[in-house]
Structures are given as structure tokens and as C-alpha cells.
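What follows draws every value from the coordinates through simple rules; no lab data is involved. Small disclaimer: the values here were computed from a predicted structure and weren't measured. A quick note on method: Cβ atoms are made from the backbone with ideal geometry, for glycine too, and the neighbour counts reach across all protein chains shown.
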Amino acid sequence: MATITADKPILPKRKPSFHFDIASSSLVGLTVIATSVILVLVGVVLWLSFTEGTPGDPVLQYTLEHYTSLFLDGFTYRVLWNTMLFSLTTLATSFALALPIAWLMERTDFPGKPVVFTLMTTALLIPSFAVALGWVFLLHPKIGMVNQGLVALLGLSDAPFDISNIFAMGVVEGMNLTPLSFVMIAVVLRSMDPALEEAAAISGAKPWQAVLSVTLRVLLPGLLAAGIYVAMIGFAAFDVPAILGLTRRIFTFSTYVFWVLTPSEGAPEYGSVATLSVIMIALAALLSWCYRQAQKQAPKYAVVTGKAYRPRIAALGRWRVAAIAFVVLYFIVAQLLPLLMLAWASLLPYLQTPSAAAIESISLRNFLNLPKELLWRAGSNTAILMVVVPTITLTASVAISWVVLRTRIRARALFDFLAFLPLAIPAIVFSVAALLLALFVMRHFAPIYGTLWILIIVYAVARLSYGTRMTNSALIQIHTELEESAQVCGATTGGVLRRVLVPLLAPSLLYAWIWIALLTYRELTLPVVISTSNNLPFSYLVWGFVQASAYGSASAAALLMLCLMLPVLLLYWLVARRAGMIAPR
Amino acid sequence: MIGIRNLTMTYRTAHGEHLAVKGVSLEIKQGQFYTLLGPSGCGKTTILRCVAGLEHPDGGEIEIGGRTVYSGANRTWVPPHDRHIGMVFQSYAIWPHMTVFENVAFPLRHKKPKPNRAEIRDRVAKALALVHLAGLEDRPAPYLSGGQQQRLALARALVSEPRVLLLDEPLSNLDAKLREEMRLEIRQVVERLGVTTLFVTHEQIEALTMSDVMAVMNDGHIIQEGSPADIYAKPKGAFVADFIGRSNFLSGKITAMTGSNGSATATVDTPIGPIHARVESEAQIGDTVTVAIRPENVTLLPHGSDPGIPHNHFAGTIDTIVYVGNLLDCVVSVGKERVRLQLQPSAEVDRGAQVRLAFPVEHCLALRA
């Protein structure tokens with residue numbers, strides 16, 4: 001997981017020269033294709049934001065009207081304000097939880113660290129729509145159990161809690177992103193040379209002075225980069241604001257794009273959707289620019305050599321119990337409780353507080369009533385995606401990394417930049433772009449709308465920045481002389497790839513493959529605007545039930561999904577442990 | 001066996017262009033052990049990598065065994081896998097996912113025509129025996145010590161019986177003792193097989209002890225080429241004199257000359273007084289030169305004793321004495337200059353003592369500045 005922060009473009013000064021042959025040409029070809037798909041998707045959105053019309057119109061009208069009406073509409077600013085509040089609440093919540101936990105894991109003698117690391121890594125992968133659904137069942141003003149219980153107990157006239165406001169949504173998202181923040185902060189903490197602190201101590205600084213004047217100052221750029229990264233994810237988040245806020249018309253940008261695209265009556269205004277997407281891209285680009293700036297600052301202080309130091313471990317002493325309580329409480333409230341609610345709701349015909357009557361009415365009816373045929377189709381679609389998407393993504397990633405790191409092709413910096421783009425572009429924009437591309441451009445010569453292909457392309461491209469970051473850092477660790485010696489020994493580029501590079505990359509590739517497969521499994525945002533009843537994945541099935549307010553079916557399907565995920569999760573855990581990816585030191 | 005003519009090579013980096021090799025020509029004869037010696041960044045490794053085909057030069061010509069593998073003029077380019085060379089890398093580049101056997105068998109498996117299994121086994125065993133690694137075939141490569149990895153890299157480079165062996169600072173990752181052992185061993189193996197060898201190093205001791213011919217490089221040029229003994233005794237220019245061994249340098253103008261060019265003796269007016277020195281290159285009265293003398297050639301005499309020669313002796317004070325085991329490293333102030341010299345560890349000298357230094361004329365070399 002150390003690779004999460006290592007996504008700067010890395011261009012070594014010396015590269016071996018290479019000879020154009022079949023293997024190297026196909027690697028370059030793959031790179032060009034993969035990066036052009038990204039360019040085309042962004043290009044289509046940009047182009048259509050200046051047009052008026054629907055797919056099938058013979059001539060598209062060019063106009064600036066979408067931009068003017070959007071900028072003159074007060075509601076746009078409301079959404080912008082909401083999105084900002086949501087992002088900041090997300091960031092504040094996740095850091096408030098993750099910072100202390102990361103510090104406990106990295107710098108104290110907290111007991112049972114491997115368990116916490118494993119739980120955190122697993123929690124990274126739990127679908128956030130499942131957790132969000134759990135929170136609906138807990139705190140929804142009408143059906144939420146806590147509200148129901150308190151109203152009955154205290155004889156209130158109104159529900160005391162409301163989950164459907166921007167702060168509550170931010171807190172839920174923040175709790176969901178705590179594992180991510182945790183992993184990033186842990187890496188930053190781990191990369192600090194303890195000698196810096198020790199030098200402060202020897203120079204006469206008291207421990208708290210050393211923390212203030214050295215530790216925090218050294219860690220600040222790294223933490224800032226992590227913070228901007230989390231804010232970026234909050235900005236692009238769809239699951240939580242969609243499930244908690246959409247029914248109440250409380251929008252962030254992601255859900256607003258979705259809402260404009262799926263009007264309750266009439267045809268959607270594709271031009272407006274494209275324009276909103278362009279604005280999202282611009283804002284996301286601004287954020288990722290900040291992120292890169294912060295990252296550039298980070299190596300100045302915190303050592304990002306990948307070298308792991310052994311810092312001084314503080315003894316918790318009598319604070320031990322409090323520390324354990326804090327961590328356990330986080331897991332119970334943020335992860336276990338919502339998932340238990342999901343299970344509880346899936347067993348009941350309608351949501352009710354635990355009582356003799358409720359237990360009486362427990363049954364598996366919600367599961368048995370799920371539409372079998374649709375379930376089977378969604379399941380097999382998801383299975384295909386989980387195999388095909390990581391394979392395509394990683395093949396393209398290896399090609400891109402090889403071109404960027406091992407050749408002197410002039411455009412390599414451009415390829416590196418394009419492969420970074422999917423990190424910056426919100427997922428909802430990607431799926432909007434794919435939809436527009438399929439409807440406006442490809443409908444005549446390659447009708448991919450409604451097929452699994454459109455999902456495969458979008459999923460694979462959206463994961464490309466993650467994939468290339470993994471393959472970049474893996475390739476950098478392979479000494480170029482290992483390849484050069486194979487060349488000198490008579491191997492062609494293809495031979496070097498087959499006999500040396502791929503075997504050496506294999507552990508990293510396997511890890512990344514399973515990780516991307518799991519992300520594919522839990523993905524909801526990408527399919528949400530391009531899925532039809534034909535090519536829907538499992539997550540979209542759950543989403544469909546939520547949209548229809550069929551909460552019983554939704555919770556049953558979500559729970560089923562979680563259960564089916566367990567064997568893959570176990571496999572991931574085994575691979576990750578072997579690769580040393582889940583480990584306190 | 002290896003011919004390089006007018007080779008140039010530029011690196012293009014984010015910080016601009018860097019001309020690494022500036023028109024180098026050299027000729028390595030069949031069976032010769034040829035060393036490129038120079039400080040880091042002088043272009044020596046670049047030349048080696050150009051011979052291997054791992055770099056694309058900008059211009060010039062490279063020939064291996066009569067076959068042109070690169071020519072800037074004719075746009076000839078043979079990729080590395082077709083050059084039939086053996087190479088030992090600085091990091092050894094032992095493939096960690098293979099066993100010792102697989103590592104050595106690799107070049108044979110990519111040879112055309114491919115030898116059969118029995119022959120591969122046979123030749124791998126022979127190559128391993130050559131470097132004293134027999135019996136380690138099945139061991140995973142990462143489970144070898146540094147010295148063993150070095151031997152393995154050598155076996156892999158030699159197994160397909162290449163006509164040319166390239167060595168890229170192969171000893172720099174070994175500890176001092178092992179390095180000395182491997183110097184001898186590499187030299188013996190290479191000699192036994194009669195393979196033409198191009199060796200790159202920044203350690204003068206390796207160049208001096210191993211080479212038939214060595215070339216001293218600086219800043220992309222070959223400064224001097226010759227046998228180790230020649231280069232040590234008759235360095236051309238201050239750079240070589242300082243880089244090979246150590247030298248004291250005193251500069252001044254030539255005031256008088258005796259003898260003819262080639263074996264002339266000049267009187268050089270240095271800050272500590274006139275010094276008589278040999279002149280190898282063409283020089284005239286009035287030229288500014290640098291007189292070089294190696295620390296081991298400076299003689300120390302007690303104060304007031306008779307040096308026995310009419311010139312080249314100077315009074316001084318002992319400044320520092322450093323004990324380095326097999327000798328004493330000494331610095332003597334003569335006027336404003338400081339002269340370094342080496343003494344036997346048994347020599348009885350004290351700091352601050354008044355002494356006399358003698359510079360034997362045959363060891364004083366006047367180099368053009």
C-alpha cells in the first residue's frame with residue numbers, strides 16, 4: 001500500500017536504448033491506444049458541452065448557452081457550496097479518526113497491530129453503498145431505527161436525527177474513508193527518519209517540543225498531500241451522497257450530474273450534463289494540481305526513498321485501555337454497526353426496532369424473492385468484469401510503465417501524464433463521458449451501449465492511474481541491468497519481457513490484479529449511468545432496489561454481495577500478506 | 001578484435017544535453033586485456049555500453065571481430081542480442097527468479113542454433129567449474145554470497161564462448177580482500193580462454209595490475225594510452241600523473257635545457273627554487289610547465305647532511321606524519337609549498353623537525369601545463 005502516495009511521474013536520467021521490434025512496437029502501440037481512450041473520453045465531454053441536441057440529431061447546434069445558464073443559476077453555487085462542505089467534513093472526519101489510529105499503530109506499543117492493519121485493509125474494500133445503506137436504516141428520519149426507537153421511547157413528535165444533511169453525509173463518507181487516510185498517514189509516519197527527532201532531543205528539546213518543532217514540521221507536506229487526496233475522493237464521491245441525499249434533493253456535484261442526466265420526465269439535456277462534467281473536471285484538475293504541488297514539497301523533508309525506518313516506540317502505559325477502546329469503538333460504529341443493520345433489515349419484511357414481534361417476523365423472504373434471472377445476469381456480468389478489467393488494466397499499465405521508464409520515446413512524459421488523469425477525473429464524469437461517446441459517436445459504427453464492452457472500457461481506463469502507479473513502482477525496483485544482461489545474452493525485447501520482466505513483476509502484478517478485481521466488484525459510480533438491464537453488474541442491482549425504495553431487497557442483495565466477496569477478500573489477504581502489503585513492522 | 005573510430009555520444013536529460021563521449025578511437029587486439037580508466041562521469045562506461053549495444057551513439061563506428069556493429073555514416077545498427085558478446089555488469093545482474101543453472105544456461109538457450117539439453121548441461125557445468133562454482137547448479141541465485149554472484153556473472157558471460165568480454169566495474173561491489181582475489185582470478189580465466197576483454201574501472205590499482213593496455217580517460221576523451229608500466233612511469237600531463245598514483249606538482253618556467261628532445265633535461269624555476277627535470281614532450285625555454293614527482297620517489301635526508309648531488313635538494317620542516325600501516329605518509333613544508341612523501345614505518349621522524357628533501361632527476365617529470 002506504500003504505493004498510494006508514489007504517483008509522481010518518475011523519469012530516470014539514464015535509460016537503456018532499445019531496438020524497435022515486434023514486442024517493443026506492440027508495447028508502444030498498447031500505450032498509445034490506452035492513453036488515447038482517456039483523451040477521447042475527455043474530448044467528447046468537452047465537445048458536447050458546446051452543443052445542443054440529442055443523439056440521432058443530424059446536425060448538432062453549437063452554443064455557449066449551457067455555460068451561461070449554468071453560471072447564472074443560483075443552484076449551481078448551492079451545489080458547489082454543498083460539495084465543498086461535504087469534502088471538508090469528509091476530510092476532517094477521516095483525519096480526526098485516522099491520525100490517532102495511525103499514530104497508535106506506528107509510534108506506540110499498541111497490542112495486536114496485525115489485526116488492526118488487516119481490518120483497515122479489509123475496510124478499504126467494503127462497498128461504501130452497503131455501509132451508507134446501513135446508516136439509512138439507523139438514522140433515516142422516517143425509517144431509521146434509532147429515530148423510531150427514540151420517538152416511541154420519549155414520545156417525541158419529530159425524529160431527533162436526520163442523516164440526509166450535508167454534514168451527516170460528510171461524516172459517513174469520512175468514516176468510510178478513514179481506512180484510506182489511515183494507510184496514507186501510516187506511510188508518511190513510517191517514512192520519517194527518527195534520527196531527526198533524536199537530534200532534536202539531543203539538542204535539548206523536550207519530547208513535546210520535538211514533536212512540535214520537528215516531527216510535525218517534517219510530516220506536514222506529506223500529511224497535506226494525503227489530505228488533498230482524501231478531499232479529492234470526497235469531491236468525486238457518489239455512493240454516500242446518492243444513497244443518503246438523492247431522495248431529499250441534497251446534491252453534491254456527482255449526484256447533481258446524475259440527477260440532471262436522469263430527469264423524471266422528458267429526455268435528458270446532454271449538453272448540460274456535459275457542461276457540468278467539464279466544470280467537475282476543471283475543479284478536479286485544480287485539486288490534483290494542488291495535490292502534485294504538495295507531493296513535490298513532501299520529499300524535501302520526509303524521506304520518500306521507500307526506506308522504512310524504525311522509529312522510537314512510545315509506551316502507552318495507563319493510556320492503553322483508552323487507546324484500545326478508541327480503535328474498537330471506531331470499528332464498531334463505522335463498520336460493524338451499519339453492516340449489522342444491513343443484515344437485520346435484510347431479514348425483516350419492513351424495518352422495525354428489535355422486539356419479540358420483530359424477531360417473530362424474521363425470515364429469508366427478502367433473499368428468496370430476489371429476481372433470480374436478473375441476479376444471475378448481474379452476478380455473471382460482475383464475474384466477467386472482475387476477470388477482464390484487471391487483466392486489461394494491468395496489461396496496459398505494464399506497457400505504459402515500460403514505455404515511460406525504459407525507453408527514450410519523446411512522448412513518454414505525455415503518456416505518463418495521461419495515465420495519471422483518471423486519478424483526477426471523478427468517476428461519474430468517466431461514465432458520463434462513456435455514455436456520451438457511445439450515444440453520440442460510436443452508435444453507428446460500434447454500438448457498445450448496453451453491452452458489457454462499454455463497462456469494460458470505462459472500468460479499465462478508470463483504474464489505469466492506479467495500475468500504472470503499481471507497475472511504475474514495481475518496475476523502478478527492477479535494476480535495468482537485469483534486462484540489459486538478458487539482451488547481451490541474446491534475448492530480444494520479447495524474450496526479455498517473457499523471461500525476465502514478467503517473472504520479476506509477477507508478485508506485484510498478482511497483488512494489483514486482485515486489488516483491481518475487488519475494486520471492480522464494489523464499484524457503483526461507473527455503472528450507474530451506463531448500465532442497462534442487460535449489462536448491469538451486481539452493485540447496480542442493489543442501486544436499482546434503493547432507487548425503487550425496495551429497502552428489503554436492497555439490503556438482501558447488498559448482504560449477498562458482501563458474502564460472495566468474502567472468498568476473494570480472503571485470497572487478497574493471503575496474497576497481500578505474502579507481498580508484505582498488510583503489515584505493521 | 002574491437003575497433004572504435006571517432007565515437008561520439010550525447011545524453012539528453014531534463015537538464016539539457018551532456019556530451020559524454022567526444023570522438024574516441026581505440027583498437028583492441030585479439031586476446032588483449034584492455035582497460036578504460038578514469039573518474040566517474042568521464043565517459044568510460046558509456047563507451048562500453050555502446051560496444052554492447054545498450055546505447056545508441058551519435059556518430060562514429062564500432063567493429064567487433066571484423067563485423068561493423070554500428071556505423072553512424074551507414075546507419076548500421078546491430079541490436080545487443082545479435083552482437084555475441086559476454087558482459088559482466090556492475091550490479092552483476094543475476095536474475096533472482098532463476099537458479100544458478102538457469103542463469104548460466106540463459107545465453108545458451110538464446111543462441112542460434114540452440115544446443116541440445118545434454119550439451120547445455122555440459123557447458124554450464126564447465127563454465128561453473130571454470131569459476132569454482134561447480135555443484136551449486138540448483139541453488140536459487142539470491143542465495144549466493146557477493147563473491148559467488150560475481151563468479152556466477154562471469155560464468156554466464158563466458159558460457160557461450162563469446163569473442164569479446166565486457167566488464168563494467170565488476171569488482172566495485174566487493175570488499176577489499178575479495179576484490180584482490182577476484183582481480184587475479186578474472187585475469188587468469190580470461191588469459192586461459194584467450195578472450196578479448198574490455199574492462200572499465202575507476203580504480204587505478206585494478207587497471208595497473210590487470211591490463212595489457214590501458215587508456216586513461218577524462219571528460220569524454222582518452223588522455224593517454226599505453227602499458228601500465230609506461231603510463232605510471234611516463235604520465236602525459238598533470239591529470240594522468242595525479243590520477244595514476246599520487247604526485248607532487250610544482251609549476252614554473254623553463255630557464256635552461258640540455259640534451260635533445262625526447263630525453264632532454266630542463267631546469268624549471270619553481271617557487272621553491274630551480275628543479276632539474278626530464279622532459280618527454282616537446283618543450284622550449286620560456287614554456288610554463290609542471291614538475292611532477294611521486295611521493296615514494298622523494299628522499300628525506302637529515303638536516304645538514306650532504307645530499308651528494310649539486311641540485312634538486314631543499315630545506316623544509318615536517319608538517320604532519322600519518323601512520324598507515326605499511327608506511328608513513330608525511331607532508332613537509334618547503335617555503336610556501338607542501339611536499340608529500342612516503343617513508344618506511346621504521347623511520348624515526350618527528351613533527352616540526354628540520355629536514356632536507358632530495359628530488360632525484362630521473363623521477364622529476366616536466367609536464368606541459
Residue-by-residue Karplus 3J(HN,Hα) for the stretch B:118-135, coefficients 6.51, -1.76, 1.60, Hz, glycine and proline x: 5, 5, 4, 4, 4, 6, 5, 4, 5, 5, 5, 5, 4, 9, 6, 10, 4, x
Top of B:VAL324, B:VAL332, B:VAL240 by mean-square fluctuation, Gaussian network on chain B, Cα under 10 Å: B:VAL324
Added length on full extension, which subtracts the Cα-Cα distance from 0.36 nm per residue, B:THR320 to B:GLU17: 104.6 nm
Distance in nm between pseudo-label sites at B:ASP306 and A:GLN297 (7 Å out along the Cβ direction from Cα): 8.0
Only Lys, Arg (+1) and Asp, Glu (-1) charged, at Cβ; chain B dipole about Cα centre in debye: 1080
Residues listed by number, the stretch B:16-38, amide nitrogen under 17 Å from B:GLU161 label point at 7 Å toward C-beta: B:31
Longest to shortest principal axis, alpha-carbon extents of the stretch A:189-280, angstrom: 72, 25, 17
Shielding by other protein chains, A:476-482, mean Cβ within 10 Å: 4
Mean-position separation - Cα centroids, the stretch B:146-182 and the stretch A:314-359, in angstrom: 62
Relative contact order (%) - criterion: Cα under 8 Å, at least six apart; region: chain B: 15
Low-density loop cleavage sites - trypsin sites (Lys or Arg not before Pro) in the stretch A:408-464, where at most 14 other Cβ are within 10 Å (DSSP): A:ARG408, A:ARG410, A:ARG443
Residue-by-residue Karplus 3J(HN,Hα) for the stretch A:385-390, coefficients 6.51, -1.76, 1.60, Hz, glycine and proline x: 4, 5, 8, 6, 4, x
CD proxy at 222 nm, helix term only [per DSSP H run n ≥ 4: -39500 (n - 2.57); per residue of the protein assembly as shown; nearest 500]: -16000 deg cm²/dmol
FRET efficiency, 1/(1 + (r/R0)^6) with R0 30 Å, evaluated for A:LEU374 and A:ARG443 via beta carbons: 0.75
Three-way shape label, chain B, alpha-carbon gyration tensor, a/c 1.5: prolate
Three-way shape label, the stretch A:444-530, alpha-carbon gyration tensor, a/c 1.5: prolate
Estimated FRET transfer efficiency when R0 is 22 angstrom, pair A:TRP47-A:ALA411 (beta carbons, to 0.05): 0.45
Cβ neighbours within 10 Å from other chains - mean over B:78-89: 5
Percentage, to the nearest whole number, of Cα pairs in the stretch A:501-585 over 18 Å apart: 55
Under Karplus coefficients 6.51, -1.76 and 1.60, residue-wise ³J(HN,Hα) of the stretch A:146-155 in Hz, glycine/proline x: 4, 5, 3, x, 5, 4, 5, 5, 9, x
At R0 = 22 Å, FRET efficiency that the Cβ-Cβ distance of A:SER203 and A:ASP109 yields, to 0.05: 0.25
Global geometry of chain A, whether rounded, prolate or oblate, following the gyration tensor of its Cα atoms and the 1.5 cut on a/c: oblate
Sequence-distant residues sharing a close amide H with B:GLN224 (under 5 Å, placed H): B:VAL216
Residue among B:LEU208, B:LEU328, B:LEU158 with the largest mean-square fluctuation in a Gaussian network model of chain B, springs linking Cα atoms under 10 Å: B:LEU328
Potential lengthening between B:GLU180 and B:SER40 on full extension [0.36 nm per residue; Cα-Cα distance subtracted]: 48.3 nm
GNM flexibility winner over chain B from B:PRO39, B:PRO170, B:PRO96 (Cα, springs under 10 Å): B:PRO96
Number of partner chain Cβ atoms within 10 Å, mean per residue of B:51-61: 3
